[in-house]
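Each reported figure results from applying straightforward, stated rules to the coordinates on display, with no laboratory input. This structure is a prediction, so every number in the text was calculated from the model and none was measured. Cβ atoms come from the backbone with ideal geometry, glycine included; neighbour counts cover every protein chain shown.
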Amino acid sequence: MSDGRVLGAYLVPNQPLPCMAPEQSPAWQSLHDSYAKVRAEIEASEADLILIFSTRWVSIIGHQMQADPEPDFWVVDEDFHQFGSLHYKLRIDADFAATYRDCAKARGLEARTVAYQGFPIDVGSISALKMLNPDNRIAAGIVSCNVYSDRAETLVLGKAAADAIKQSGRKVILLGVSALSNRMFTEWIDPQQDRIHSLKDDEWNRKLLELLGEGRLEDVSQLSREFSRQANGDSKMKAIWWMASAMGQTNDYRGTVFDYQPVWGTGAALVGLTPAKNLGGGLEYDEDDTDFFRGDRNVLSTAKQKEVKP
Amino acid sequence: MSEPGRIVTGCLAPHPPHLVYAANPEQNEPRSSGAGAWAPLLEGYARLRESIKDKEYDVILVHTPHWKTCVGHHLLGVPHFEGLSVDPIFPNLFRFHFDLQVDVELAQAIHDEAEKEGLVMNMMRNPEFRVDYGTITSNYLVRPAFDLPIVAISSARTYFDYSDEAGEREMLALGAATKRAVEKTGRKALLLASCSLSHRHFTDEPADPEDPSFEHIYNENQSKWDHHVMNLMQTGQTRRLLEEMPDFIAQANAECRDGSLTWLLGAMDVPNMEAKIHGYGTVIGTGNAIVEWDLAAAEVQA
Ligand SMILES: [Fe+2]
């Protein structure tokens with residue numbers, strides 16, 4: 001058996017502004033500077049793959065894995081186009097993408113690799129890689145965030161990532177590209193005055209960060225639905241579900257909150273989680289667990305249902 | 001300009017990239033099999049093109065759900081765009097080399113009029129911007145030559161950030177501002193609301209995406225809503241359609257939640273005229289109608 005494993009995971013912001021225009025806001029500058037600490041940790045690790053789940057890459061047909069070995073293009077943010085374009089040249093681990101696809105299919109998920117010249121890789125992934133892996137020393141992988149998937153499907157996608165990591169022998173850093181509270185200001189603001197959209201969002205973010213700082217990732221995963229309801233969590237906090245699931249659904253981590261700042265009203269945090277033994281105490285389970293995806297529950301459909309496998 | 005401008009025709013012109021794929025234009029990289037899954041919609045678009053071919057218009061305005069903006073409503077503000085638009089959702093079907101002109105003067109006028117309505121507006125002036133597939137697809141299907149300038153308006157997230165009712169009010173205001181801008185600049189405009197009706201997708205795809213045996217509506221609920229909404233259009237009950245819009249959005253996951261249809265109705269002053277349904281069909285489970293409100297013909301009759 002190969003010794004593929006997850007070395008650690010980081011939650012990073014979904015917005016490009018700390019990467020594109022840090023000088024415009026003390027909050028963005030702070031995040032920009034804090035990325036350097038995360039980068040140093042990743043560089044000191046033995047990682048040979050950075051695997052990203054990004055809430056900014058939305059998919060409909062199941063789950064897409066980026067598999068263009070050398071994407072070379074640019075992307076312009078839909079809102080923040082006046083801050084310029086993000087030109088990129090990345091190194092993607094195409095073999096791992098294929099393995100991940102196969103492992104996802106083996107767990108009943110719809111999955112496919114994509115490799116097309118000019119494919120618009122999402123601004124969240126590009127920003128994270130520019131800040132954390134600017135010279136492409138470590139290969140990257142990116143998986144999409146299905147718009148219809150809920151917790152069960154996302155857990156299965158996380159478990160498939162764990163299967164693929166084991167099978168491929170890669171030593172992996174996981175990145176969850178996601179905001180905490182994801183309520184943006186809907187008008188132009190002075191970036192100098194950026195703040196979390198509401199006190200309530202801020203309080204919920206801080207509660208989540210308190211738990212993450214204690215390494216209690218699975219507790220945060222269990223809390224995600226409530227957090228999303230209360231604080232407009234980013235995409236139901238699927239990035240947390242995916243990370244927690246891919247790492248084995250425990251609270252046994254050393255947690256580090258590197259930074260927490262507003263980006264255009266959203267809660268933007270840099271959090272690190274390193275596996276460590278028996279730090280997080282017992283688990284509080286409110287949510288169900290699942291190992292296999294059996295398709296969308298379209299009970300009103302008169303059409304043929306997806307075949308149910310064991 | 002001496003003569004005041006006007007909206008010649010308003011259309012619901014949905015944008016499944018599948019339809020461009022099926023038409024196999026040279027600008028699109030992938031080739032389709034021609035197996036025919038979306039024939040009713042392609043035929044519907046052919047009927048729409050036939051219906052508008054003798055109309056006089058000098059600009060096409062499109063409101064697109066696939067340029068999603070959180071900070072207000074954005075308009076393309078660069079006179080010429082050229083490049084490759086790969087759909088991040090269906091990259092296997094849509095990799096389109098676009099080359100299009102923008103009526104920046106009209107876009108700016110809409111921007112200014114809408115600001116007067118209290119809306120947050122922004123001109124997009126980055127020449128490297130990737131024009132979204134909604135804008136390209138609706139334009140291609142209505143006028144494949146791309147020989148007229150366009151105006152493209154983004155879909156603000158008001159419905160999602162606040163409520164469906166707040167979104168509706170904003171889109172009606174944006175529509176009214178669009179109408180005034182068209183009149184003031186003397187344009188003869190064709191308007192396209194680039195959205196589907198019911199909008200729940202299947203999350204898998206057959207080996208040949210155009211396989212007709214796979215294609216059908218997601219479920220009966222979606223189908224019933226679509227036909228109800230088309231009936232309201234056909235019988236001129238656009239007020240009632242607006243009243244029911246929040247229910248339609250909530251119950252059928254309608255893509256109207258991106259605001260395009262309400263913008264169009266607002267720009268046309270919520271006309272109580274009977275609309276012409278040129279086609280209806282499903283694409284990967286979603287319901288799509290091609291509908292025309294022929295304002296010019298209505299004027300002649302009046
Ligand atoms: Fe769409």
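Label positions at residue B:33 and residue A:29, each projected 7 Å from the Cα along the C-beta direction, are separated by 5.9 nm. Mind running the shape call on region B:193-246? Use the C-alpha gyration tensor, a ≥ b ≥ c as the square roots of the eigenvalues: rounded below 1.5 for a/c, prolate if a/b tops b/c, oblate otherwise. Prolate shape, in that a/c is at least 1.5 and a/b is the bigger ratio. Between the exposed loop cleavage positions of chain B, defined as GluC sites (Glu not before Pro) in a non-H, G, I, E, B DSSP state with at most 10 neighbouring beta-carbon atoms within 10 angstrom, the longest gap is B:57-302. For the protein assembly as shown, a crude dipole built from +1 on the beta carbon of Lys and Arg and -1 on the beta carbon of Asp and Glu, taken about the Cα centre, is about 660 debye to the nearest 20. Screening chain A for whole DSSP H helices with an alpha carbon extent of at least 30 angstrom along the helix axis and a mean Kyte-Doolittle hydropathy of at least -1.0 yields nothing. Using the Karplus relation 6.51 cos²θ - 1.76 cosθ + 1.60 with θ = phi - 60°, the per-residue 3J(HN,Hα) values for region B:31-39 come to 10, 9, 7, x, 5, x, 4, 10, 3 Hz, with x marking Gly and Pro. Here each label is just a point 7 Å from Cα along the line to Cβ, and for residue A:297 and residue B:50 those points are 4.7 nm apart. Among the GluC sites (Glu not before Pro) within region A:1-75, those in coil by DSSP and having at most 10 neighbouring Cβ atoms inside 10 Å are A:46.
Panel order for A:87, B:15, by other beta carbons found within 10 Å of each beta carbon, from fewest to most: A:87, B:15. On the basis of the beta-carbon distance and an R0 of 60 Å, residue B:184 and residue A:105 show a calculated FRET efficiency of 0.60. Note on the protein assembly as shown: helix-only mean residue ellipticity at 222 nm, from DSSP H runs of 4+ residues weighted -39500 (n - 2.57) and normalised by residue number, equals -11000 deg cm²/dmol. Distance from the Cα centroid of region A:222-291 to that of region B:3-22 is 44 Å (rounded to whole angstrom). Look at the stretch A:72-81: the mean tally of other chain Cβ atoms within 10 Å of its residues' Cβ atoms is 6. Remark: A:19, B:11 ranked as A:19, B:11, counting other beta-carbon atoms within 10 Å and listing the fewest first. Considering only beta bridges that DSSP places wholly inside chain A, some 45 percent are antiparallel. Here A:74, A:241, A:204, A:188 are placed in order of increasing Cβ neighbour count within 10 Å, fewest first, which gives A:188, A:74, A:204, A:241. List the pairs from B:53/B:188; A:238/A:277; A:105/A:238; A:238/B:224; B:55/B:184; A:89/A:238 whose alpha-carbon separation is above 23 Å, in the order I gave them. The answer is A:238/A:277; A:238/B:224; A:89/A:238.
With the simple model of a label 7 Å out from the Cα in the direction of the Cβ, residue A:87 to residue A:277 spans 5.1 nm.
Using C-alpha pairs below 8 Å separated by at least 6 residues, the relative contact order for region A:60-161 is 40 percent. Suppose we keep just the DSSP beta bridges with both residues in chain B; what percent of those would be antiparallel, to 5? Once the DSSP bridges in chain B are tallied, antiparallel ones form about 45 percent. Can you give the net charge of the other residues whose Cβ lies under 10 Å from the Cβ of residue B:179, counting K and R as +1 and D and E as -1? Surrounding charge for residue B:179 is 0. Take the alpha-carbon centre of region A:177-196, take the same for region A:26-96, and report the distance between them in whole Å. Rounded to whole Å, the Cα centres lie 20 Å apart. Considering only beta bridges that DSSP places wholly inside the protein assembly as shown, some 45 percent are antiparallel. When chain A is treated as a GNM with alpha-carbon contacts under 10 Å, the residue of A:177, A:257, A:143 showing the greatest mean-square fluctuation is A:257. Once the cut-off is 31 Å, how many percent of the Cα-Cα pairs in chain A end up in the long-distance tail? Value for chain A: 25 percent of Cα pairs lie more than 31 Å apart. Could you tell me the relative contact order of region B:6-301? Use alpha-carbon pairs under 8 Å, at least six residues apart, and round to a whole percent. Relative CO of region B:6-301 lands at 31 percent. Note on region B:39-54 and region B:190-225: Cα centroid distance 19 Å, given to the nearest whole angstrom.
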